[in-house]
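*Asks:* Structure provided below as structure tokens; questions to follow.
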Amino acid sequence: MDLQFLPLYSLLPLTISEMAAHKIAHATLKGPSVVKELCIGIALGLAAGGLWKMHHWNEQRKVRAFYDLLEKGEISVVAEE
């Protein structure tokens with residue numbers, strides 16, 4: 001075995017706490033929670049959909065107000081000369 005290619009830390013003896021730290025670190029790393037991701041996705045989707053719907057309601061209100069004023073004759077789309 002050639003010592004030239006071994007890292008320095010591999011030559012040092014490991015203590016019990018160093019070996020246990022490796023296992024403890026992996027115990028805290030969990031995979032993604034499917035239920036949590038679904039709940040977050042649904043909440044974000046509903047929030048974005050609500051904002052989009054409010055935007056369209058506001059645009060619809062502006063268009064309706066424009067056509068009401070146009071019908072009453074208060075405004076005109078014909079340019080004045």
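*Asks:* Please state which of the following conditions VAL63 fails to meet, knowing it meets all the rest: (1) modelled with pLDDT of 95 or more; (2) not in a helix (DSSP H, G or I).
*Replies:* (2)
*Asks:* Of ALA25, ALA20, ALA79, ALA48, which residue is surrounded by 10 or more Cβ atoms within 10 Å (Cβ to Cβ) and at pLDDT below 95?
*Replies:* Selected residue: ALA20, the only one of ALA25, ALA20, ALA79, ALA48 that is surrounded by 10 or more Cβ atoms within 10 Å (Cβ to Cβ) and at pLDDT below 95.
*Asks:* Going through segment 28-45 one residue at a time, which ones are surrounded by 10 or more Cβ atoms within 10 Å (Cβ to Cβ) and either part of a helix (DSSP H, G or I) or in contact with a strand residue (DSSP E or B) (Cβ under 9 Å, 6 or more places away or on another chain) (or both)?
*Replies:* GLU37, LEU38, CYS39, ILE40, GLY41, ILE42, ALA43, LEU44, GLY45, listed by residue number.
The values are calculated or read from the model by the stated rules, or taken from the named source; none is laboratory data. All of these numbers come straight from a predicted model, not from anything done at the bench. With ideal geometry, Cβ positions are generated from the backbone for all residues, glycine too; neighbour counts draw on all protein chains shown.
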